[in-house]
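Data block below; observations after.
The values are calculated or read from the model by the stated rules, or taken from the named source; none is laboratory data. All of these numbers come straight from a predicted model, not from anything done at the bench. Cβ coordinates were reconstructed from backbone atoms using ideal geometry, including for glycine residues, and neighbour counts include every protein chain displayed.
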There are 4 protein chains.
Amino acid sequence: MNSFGRIFRVSIFGESHGECVGINIDGCPAGLPLTVDDFTEDIDRRKAGAKGTTPRKETDLPRIMNGVYNGKTTGAPITIIFDNANTRSGDYEKQRAVPRPGHADFVASKKFGGFEDYRGGGHFSGRLTVCLVAAGVLAKRLLKEIKVAATIVEIGGEADTEKGLQKAIDAKDTIGGIVECTVTGLPIGLGEPFFDSAESMISHAVFAIPAVRGIEFGTGFAAAKMFGSNHNDSIIDNTGKTVTNHAGGIVGGITNSNDIVFRIAIKPTSSTPKIQHTLNVETGETEDFSVKGRHDLCIALRVPVVLEAVTAFVLADLMLLEQQISRII
Amino acid sequence: MNSFGRIFRVSIFGESHGECVGINIDGCPAGLPLTVDDFTEDIDRRKAGAKGTTPRKETDLPRIMNGVYNGKTTGAPITIIFDNANTRSGDYEKQRAVPRPGHADFVASKKFGGFEDYRGGGHFSGRLTVCLVAAGVLAKRLLKEIKVAATIVEIGGEADTEKGLQKAIDAKDTIGGIVECTVTGLPIGLGEPFFDSAESMISHAVFAIPAVRGIEFGTGFAAAKMFGSNHNDSIIDNTGKTVTNHAGGIVGGITNSNDIVFRIAIKPTSSTPKIQHTLNVETGETEDFSVKGRHDLCIALRVPVVLEAVTAFVLADLMLLEQQISRII
Amino acid sequence: MNSFGRIFRVSIFGESHGECVGINIDGCPAGLPLTVDDFTEDIDRRKAGAKGTTPRKETDLPRIMNGVYNGKTTGAPITIIFDNANTRSGDYEKQRAVPRPGHADFVASKKFGGFEDYRGGGHFSGRLTVCLVAAGVLAKRLLKEIKVAATIVEIGGEADTEKGLQKAIDAKDTIGGIVECTVTGLPIGLGEPFFDSAESMISHAVFAIPAVRGIEFGTGFAAAKMFGSNHNDSIIDNTGKTVTNHAGGIVGGITNSNDIVFRIAIKPTSSTPKIQHTLNVETGETEDFSVKGRHDLCIALRVPVVLEAVTAFVLADLMLLEQQISRII
Amino acid sequence: MNSFGRIFRVSIFGESHGECVGINIDGCPAGLPLTVDDFTEDIDRRKAGAKGTTPRKETDLPRIMNGVYNGKTTGAPITIIFDNANTRSGDYEKQRAVPRPGHADFVASKKFGGFEDYRGGGHFSGRLTVCLVAAGVLAKRLLKEIKVAATIVEIGGEADTEKGLQKAIDAKDTIGGIVECTVTGLPIGLGEPFFDSAESMISHAVFAIPAVRGIEFGTGFAAAKMFGSNHNDSIIDNTGKTVTNHAGGIVGGITNSNDIVFRIAIKPTSSTPKIQHTLNVETGETEDFSVKGRHDLCIALRVPVVLEAVTAFVLADLMLLEQQISRII
């Protein structure tokens, strides 16, 4: 549902055009230094405004409501809220008759009996990813020497992302992309058999990010074309380092001390300026339709810091779990 | 850890060369007909013996220990056990000095301080997937008109899978493949915001299957190359049917009544007959090494029924959760 | 930790003298009518101001931040916040040297390494029970015809509670009491074997209320003195009604359609005006000490509505769980 | 449902007259020595045969199916099974028409639609407590210097338990009792705010034991009659030791280094030899009825070791959780 994690446990809430969006983090150890300024860098990285992103700009100032005292975490739950200042609900209300293709509008209305807050995608909005980024800031601090870094590696099939973005601008359409995440400085042993493999936990959190269509670890789908003798990573020393890293740092669901490397596929923004032919639920007929409002041309551009965040809180949780079990004897 | 699911909850246990492997299923409604014979078809589909699979043959006879009375589920937990009859531990004991590349041997030893049951991969063995199949049989029964079907679509990059397999036989090596899963007959509304999207839950369970390296839903990684106007699926009627199905049946993390379609990448079997050069943990030096024992040439061949099983129990759980919330008002 | 419930899931946060206290409720069905006014009655019942209660008065105005739109729940998480307006931290800061006997001060400082927000008990404060009341309001609405009612049945050993309270006033001391809760209109079948018996779930939540020292269902501790032939409740008809109700409405952990009846023991308020002799952690010596600040003479007076609330959200959760399982076949 | 615990997680299964009962323990650290002999003492303490207990005797030989290799835990789940050898189902089958007063028969039939295994109480049988004892043996080992000890302190209202038992024998009836549990050697800090207080977790597990009607910590219900100045425990040194222990070792839901002391009320065995007048569900009329089969005169006699067990696995889980959080910084 809206919570994730066994020990370092995040709970997300809020809607795009409601009063606020926010996140609650339970299970964070006491004594971690944390100020509002610590959030600035990552929240700025997620912000709109660059070429290809929406002109909707939020101040995105995190309000730490609880769990921090005298600049340090207290061990109590930490609630961080972002007010929704810049909402233009008028853009959306008329659109209920025509559920936007590629959006949750139609399924949300069916699932919640029409009671959902439909404005701007409501609880399904990408707006909520700012909360993930906030949880990520805290998780990164907990991870210390473990570093998580994500970057766009492809837009519209082009490794030269500027070129890929230009294709969308030229076509007056939206476009997809691929984001790669690398984690360095990992110990051996994160991930729990049988169901909570490192890949299971990461992919669980990753598919909560809107617009993700696929994930692959290490050599990924290319591994399906390989021979075993080429794919296996030979171990070279007792720290677990391997000659190659086809496994992407995870074997048997457990980190093996090599870098975690994985890629995710981001679909093109659903809200394209192009005319679409789709159902009007009031008339029961299909009709031509175009999305109004302010949107990202390439939502992948804003994903890297979000991807880092979910990866960080997954690893923080696995780290807390591993330490407790391994240290007891 | 070793349990998965919120209501229809499975817990797996056992080791490759221990007394048995098994699974416990909690939260299954009472009154479902269930006999040992119901397991035969799916368990046979997973069995070894066909070209490209291991010569190790288990009888794989499920023993229903609890939770079924007079041929029907009772509402109490259901425990299903498979005895390990055909074990040849001698194959494995000598191999401890050289952790097999691509296997969990090395990380398991580090994580569990050398106390792990290392014989045949122990708790990390693919042997445990027979338990997943058993849980899948029960979940499929619960799903009724919802049908889950998986099939190999590629071996070694060849859509003609016989051809792909022959490449491995010729090369005296192991080889990877791709398995596709399709789910038909779905209602709208399975999957829970924010973290328990249908993709999140499916991928969580899928990455518990050994050897999975990637997953993509609908158009998947190809979506990253597309324009929004091409990728969006226009809705054509009030049942939610869409013209195309690039989304793979899931929008906003929620099923939209179209077929769920997803593919997973399976790496080549790690236990290749080829010589590998890797670490001997006792000498601290790398050396030439080859895997002994009985293994699958292409583990992907045995994955489809396992993939169906995990998909089925994920959907059974989401269905139970959805019904309870939607029916209360 | 700070969350409770499987489907109807509450997460509590905040500190006595921080910015606010609040609660997040996940898993609440969509379409329930809910306005700020719905909270007034129960929140007023918890309020201080009556004889024997603290003079600290909060406005206790709930702010519904999310999950409600056009006066109805949306199916998304509901966050309710209470601002902390009336805080006088100066009362508490000096007291760190002398952890208040009967309070969490000492253990909190040890557990959280001195990083806890110690002002007014911080996250351990009874102030947080206003959040429980808020969750209870929502749960009661979901329970519909199931009614939960709690009342004080004893103060200081006196069934005449005015008399019991007067003993405390005369003694210039604080005093304990007993609160009884009755639930009517229950269906058969709430509670889940083995670990989530109705008593297990209720007592789990009840012991989260500060100052609770015991709980007994039905005849309770008196049952330990009885013969079986006197204690057993004979069933009289197919609705499950029984002649007597020694079981307190729960048999085998499952509701049996009779009223749930249970009692809880509330210790005397720890913050007594009396002089106490206890440790000064700075000097390492024991010394005479008296509690400053504004406190309840008999905290039991404020417990009934809190007890109703936790009982209501436990039953709401069990009801959601039960419906899902029973309706599936 | 049938699992309990966050990290040290037990899952129980089986029925009184099915093939076996058993328990699965996940999250147990690797490297703990464990043999079948380790179970003997506690399982013998639970066994029937003494005065006042049932003549049904099981061999109660635990079979460790998984998770132990070379006499040590491996870090994988541990499954322990007890075969049901000595079953006499004939005793029970005729009794379906008349649900036994005080038993789960009636509610189980309603909850599970008549599909429940009704023989000997099925999944509701006290037989399953042997599984709790087994989990307790493992938990006690993990707790090391923390010692858990329970004893009967009262039968039928008599502190001289032999006298209390004689009352039942004389009356040809069953009788209730009180069991007290003491835990010594505790560190400060076990228990988690807000909902997972030490009392919450212990009482949750305790009410899973059949026949428990109440629980009180420290001074318990007597605290409701006391003044604050008498009830508060003054701290005397920096280890947290207090002059008195009215709190029963737990303040603010957190252990305070003093002994945990709590008592539970056990109702008289429901299966009394006395004639009872109750519903025949087939005729719809009430009738005279007496319970057949082999039963305990005073079930409280067999509870102490079961109570120790659940207390031990609750504390093991809280200890694992606490260590993880406190050690991370």
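Name the residue that is surrounded by the fewest Cβ atoms within 10 Å (Cβ to Cβ), counting only residues in the stretch A:63-75 that are out of contact with any Cys (no Cβ under 8 Å at 6 or more places or on another chain) and in a loop (DSSP other than H, G, I, E, B).
That would be A:70.
Among residues belonging to the stretch C:166-212 that are surrounded by fewer than 21 Cβ atoms within 10 Å (Cβ to Cβ) and polar (S, T, N, Q), point out the one that is nearest to the chain's Cα centre (by Cα).
C:182
Quick one: in the stretch D:133-144, which of the residues that are within 12 Å of another protein chain (Cβ to nearest Cβ) and charged (D, E, K, R) is farthest from residue D:50 (Cα to Cα)?
D:144
Would you mind telling me which numbered condition in (1) surrounded by fewer than 24 Cβ atoms within 10 Å (Cβ to Cβ); (2) within 13 Å of another protein chain (Cβ to nearest Cβ); (3) touching a Phe, Trp or Tyr at 6+ places or on another chain (Cβ under 8 Å); (4) outside any helix (DSSP H, G or I) residue D:60 fails?
Status for residue D:60: all satisfied but (2).
For the stretch A:232-329, give me every one of the strands (runs of 3 or more DSSP E) that falls completely inside it and has 2 or more residues that are on the phi > 0 side of the Ramachandran plot.
Here the list is empty.
Mind listing just one residue for me: the one in the stretch A:213-228 that is in a helix (DSSP H, G or I) and in contact (Cβ under 8 Å) with a residue 12 or more places away in the chain and, of those, surrounded by the fewest Cβ atoms within 10 Å (Cβ to Cβ)?
Restricting to residues being in a helix (DSSP H, G or I) and in contact (Cβ under 8 Å) with a residue 12 or more places away in the chain, the top hit is A:220.
With the condition kept exactly as written, say whether any residue in the stretch C:234-248 is within 21 Å of the chain's Cα centre (by Cα), at the interface with chain D (Cβ under 9 Å from one of its Cβ atoms) and not β-branched (Val, Ile, Thr).
yes
Just give me the residues in the stretch C:63-88 being within 11 Å of another protein chain (Cβ to nearest Cβ) and among the small types (Gly, Ala, Ser), in sequence order.
C:67, C:71, C:75, C:76
Working only within the stretch A:198-217, note down all residues that are within 7 Å of chain B (Cβ to nearest Cβ), out of contact with any strand residue (DSSP E or B) (no Cβ under 6 Å at 6 or more places or on another chain) and not aliphatic (A, V, I, L, M).
Result: A:200, A:204, A:207.
Considering only residues that are assigned to a strand (DSSP E or B) and surrounded by 24 or more Cβ atoms within 10 Å (Cβ to Cβ), which ones fall in the stretch C:1-24?
Across the stretch C:1-24, the qualifying residues are C:4, C:10, C:11, C:12, C:13, C:14, C:21, C:22, C:23, C:24.
It is to be established whether one or more residues within the stretch B:77-98 are of a type in the set (Gly, Ala, Ser), out of contact with any Gly (no Cβ under 8 Å at 6 or more places or on another chain) and within 30 Å of residue A:319 (Cα to Cα).
Scanning the stretch B:77-98 turns up at least one residue that is of a type in the set (Gly, Ala, Ser), out of contact with any Gly (no Cβ under 8 Å at 6 or more places or on another chain) and within 30 Å of residue A:319 (Cα to Cα).
Any residue in the stretch A:266-287 that's more than 7 Å from every other protein chain (Cβ to nearest Cβ): show its pairings with residues that are buried (at least 17 other Cβ atoms within 10 Å of the Cβ) and in a strand (DSSP E or B) at Cβ separation under 9 Å, as long as the two are six or more apart or on different chains.
Pairs found: A:275/A:289; A:280/A:286; A:280/A:289; A:285/A:279; A:287/A:278; A:287/A:279.
Checking the conditions here, which among C:130, C:107 is at the interface with chain D (Cβ under 10 Å from one of its Cβ atoms), surrounded by 24 or more Cβ atoms within 10 Å (Cβ to Cβ) and not charged (D, E, K, R)?
Exactly one of C:130, C:107 is at the interface with chain D (Cβ under 10 Å from one of its Cβ atoms), surrounded by 24 or more Cβ atoms within 10 Å (Cβ to Cβ) and not charged (D, E, K, R), namely C:107.
Suppose we keep only residues that are at the interface with chain C (Cβ under 10 Å from one of its Cβ atoms) and acidic (Asp, Glu) within the stretch D:145-165. Which one would you say is farthest from the chain's Cα centre (by Cα)?
It comes out as D:158.
Name every residue in the stretch C:25-57 that is surrounded by 18 or more Cβ atoms within 10 Å (Cβ to Cβ), more than 14 Å from chain A (Cβ to nearest Cβ) and on the phi > 0 side of the Ramachandran plot, in order of residue number.
Correct list: C:52 only.
List the residue pairs whose Cβ atoms are under 6 Å apart, where the first residue sits in the stretch C:3-17 and is within 11 Å of chain D (Cβ to nearest Cβ), the second is β-branched (Val, Ile, Thr), and the two are 6 or more positions apart or on different chains.
Between residues of the stretch C:3-17 that are within 11 Å of chain D (Cβ to nearest Cβ) and residues that are β-branched (Val, Ile, Thr), the close pairs are C:4/C:10; C:10/C:23; C:10/C:25; C:12/C:23; C:13/A:79; C:14/C:21.
Scanning the stretch B:110-127 for residues that are free of Cβ contacts under 8 Å to residues at least 12 places away in the same chain and at the interface with another protein chain (Cβ under 8 Å from one of its Cβ atoms), which turns out nearest to residue B:99 (Cα to Cα)?
That would be B:110.
If you take the residues of the stretch A:288-325 that are among the charged types (D, E, K, R) and more than 14 Å from chain D (Cβ to nearest Cβ), which of them is nearest to the chain's Cα centre (by Cα)?
Residue satisfying both the conditions and the ranking: A:308.
Just to check your reading of the model, which residue among B:132, B:128, B:138 is over 14 Å from the mean Cα position of the chain (by Cα) and either aliphatic (A, V, I, L, M) or modelled with pLDDT of 95 or more (or both)?
Every option except B:138 fails the conditions.
Out of C:38, C:60, which single residue is over 23 Å from residue C:266 (Cα atoms) and in contact with a strand residue (DSSP E or B) (Cβ under 8 Å, 6 or more places away or on another chain)?
Step by step, each of C:38, C:60 is checked, and only C:60 is over 23 Å from residue C:266 (Cα atoms) and in contact with a strand residue (DSSP E or B) (Cβ under 8 Å, 6 or more places away or on another chain).
State all residues of the stretch B:76-95 that are of a type in the set (D, E, K, R), at pLDDT 95 or above and outside any strand (DSSP E or B); if no residue qualifies, say none.
Selection gives nothing.
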